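The values are calculated or read from the model by the stated rules, or taken from the named source; none is laboratory data. Predicted model only: the values in this text are computed from it and were never measured. Quick reminder, even Gly has a Cβ in these numbers, built from the backbone with ideal geometry, and neighbours come from all protein chains shown. Surface accessibility is based on the protein's heavy atoms, side chains included, excluding ligands, DNA and RNA. Shrake-Rupley method; radii C 1.70, N 1.55, O 1.52, S 1.80 Å.
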Amino acid sequence: MKFTKKKLALAIGGALITMSVLVSGCSTGSDKKADTIKIGVVAELTGNNATYGTSITNGIKLAVQQLNDTGGLLGKKIELVVADNKSEPAEAANAMSKLVNQDKAPVVMGLFASSSAIAASNVSEAAKVPFLAVGATNPKVTLDEKTGKVKPNTFRVCFIDPFQGTVGANFILNELKLQKAAVYIDNSSDYAKGLAAFFKENFIKNGGTVVAEESYLQKDTDFKATLTKIKAAAPDILYVPGYYQEVGMIVKQGREMGIEIPMAGGDGWDSAKLPEIAGKAALNNTYFSSLYSPDDDSALNKAFVSEYEKAYKVKPDVFAALAYDSALLVAEAIKNAGDTDPVKIAQSMAKINGFQGVSGTVTFDAQHNPVKSAVIIEHKDGAQTCLLYTSPSPRDRQKS
């Protein structure tokens with residue numbers, strides 16, 4: 001894996017999807033007489049991960065507005081049906097059930113948390129409705145847990161944790177030159193447990209040592225006892241593959257206890273709320289891996305950032321970018337299928353090849369995962385700075 005300290009640049013070129021004339025109305029997603037095409041969205045709009053869901057729905061709404069303003073889809077307007085999973089896996093299953101069984105959405109997208117995406121996908125698979133996960137990186141999202149086979153109707157637009165864990169391990173070993181890591185895992189999260197496992201595997205394989213491994217649960221608020229044990233193990237770096245709510249408190253409490261070593265994690269750190277929870281100064285000397293930076297200077301991304309800032313008065317984060325791409329990718333699959341039949345949409349989705357988005361290029365592999373690039377983001381006084389960029393594949397976006 002090769003890293004460069006050049007400014008992130010994506011040469012992804014390409015244009016938004018050209019669509020046909022649209023009309024307005026309502027009915028089920030697959031009703032040929034309907035005046036709209038329903039697309040379901042399930043997202044973390046409330047609960048501990050609410051900033052993820054807000055970004056996801058904002059990115060999708062922006063893409064759909066642009067599609068509707070420039071011709072729609074199959075001669076119809078796109079109608080979004082949004083359901084809140086309240087940042088809970090059980091609620092994700094309930095939300096998906098509503099979207100596919102009650103609202104009759106022929107395709108659904110959304111979700112960041114892997115545990116929620118796995119629960120939702122079990123429902124969509126049973127209904128034989130395609131589901132595109134926006135940010136769920138655990139490999140199990142697209143694989144049947146009992147058989148290990150690929151779920152025929154489940155896809156994702158983000159990279160997966162074996163790659164993200166490798167990126168994090170290589171960055172710490174090769175760029176920060178640190179050899180002794182402590183790992184602090186959210187033991188209630190499939191995302192955190194999976195990312196931790198892949199990070200440890202690659203860190204140890206390439207010469208590092210894990211000197212301490214501890215765990216916590218989502219919604220915990222006091223981490224000082226465990227941080228005391230971690231401090232006693234004298235690591236060079238603390239790796240926390242969790243979500244921003246708990247990560248912020250871990251960073252804050254750790255700094256208050258005199259733990260000044262670097263801290264790092266995965267894309268679950270990416271939230272505007274993190275500096276509010278941890279404190280801007282406490283976040284200095286912290287890093288996380290992600291798929292996207294708004295600092296990318298490609299023409300496609302500049303246009304996206306400009307429109308997103310105009311609509312929402314903030315810069316897009318990785319979840320907004322992934323969601324924006326997801327909406328355009330779903331539209332591409334429906335357009336290529338020429339129909340809103342869920343079976344045809346899933347078949348069309350599987351054939352997506354070379355789709356150009358602001359978060360990178362999408363061609364689904366045999367397990368319905370795209371090969372994506374990664375960035376390393378550094379916090380400086382509460383602000384994010386794109387520090388490093390790596391591309392795993394010559395067919396994905398290239399360094400300039």
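Can you tell me the convex hull volume per residue for the chain, based on C-alpha atoms, in Å³ to the nearest whole number? Write out the running numbers ahead of the final one.
Values: hull volume 47.9 nm³, N = 400.
Spelled out: Cα convex hull of the chain, divided by residues, is 120 Å³.
Heads up, I need the accessible area for Asp270: 1.4 angstrom probe, whole protein in place, Å², nearest 10.
10
With every protein chain present, what accessible area does Val41 have (1.4 Å probe, heavy atoms only), rounded to the nearest 10 Å²?
0
Can you give the helix-only mean residue ellipticity at 222 nm for the chain, where every DSSP H stretch with n ≥ 4 adds -39500 (n - 2.57) and the sum goes over all residues, rounded to the nearest 500 deg cm²/dmol?
Using -39500 (n - 2.57) per qualifying helix, the result is -11000 deg cm²/dmol.
Just tell me which aspartates and glutamates come within less than 18 Å, Cα to Cα, of Lys146; anything on the same chain fewer than 8 places away is out.
In chain and number order, the partners are Glu125, Asp190.
Which lysines does Lys335 reach when only Cα atoms under 24 Å apart count, and residues fewer than 8 places away in its own chain are ignored?
List returned: Lys32, Lys33, Lys38, Lys61, Lys76, Lys77, Lys104, Lys128, Lys151, Lys344, Lys351, Lys372.
Taking only Cα atoms, what is the 0 to 90° angle, nearest 10, from helix 50-69's long axis to the longest principal axis of the chain?
30
Compute the accessible area per residue over the range 158-212, keeping the other protein chains in place, probe 1.4 Å, unit Å².
Heavy-atom SASA per residue in the range 158-212 reads 33 Å².
Please report the equivalent ellipsoid semi-axes of the range 314-365, computed as sqrt(5 x eigenvalue) of the Cα gyration tensor, largest first, in whole Å.
22, 12, 8
If packing is taken as the average count of other Cβ atoms within 10 Å, what order do 334-340, 310-316, 226-232, 59-65 fall into, highest mean first? List each step's numbers first, then the result.
Details: 334-340: 18.4, 310-316: 14.3, 226-232: 16.3, 59-65: 23.1.
So the order, starting with the most tightly packed, is 59-65, 334-340, 226-232, 310-316.
Per residue, what volume in Å³ does the Cα convex hull of the range 174-281 take up?
Roughly 94 Å³ of hull volume per residue.
Once both axes come from the Cα atoms, what is the angle between helix 318-337 and the longest principal axis of the chain, in degrees from 0 to 90, rounded to 10?
For helix 318-337, the angle is close to 30 degrees.
With the full set of protein chains in place, find how many percent of the accessible area of the chain is carbon and sulfur; take the probe as 1.4 Å.
51
Give the ranking of Lys38, Lys104 by solvent-accessible surface, highest area first, calculated with a 1.4 Å probe.
Details: Lys38 30, Lys104 100 Å².
Greatest to least solvent exposure: Lys104, Lys38.
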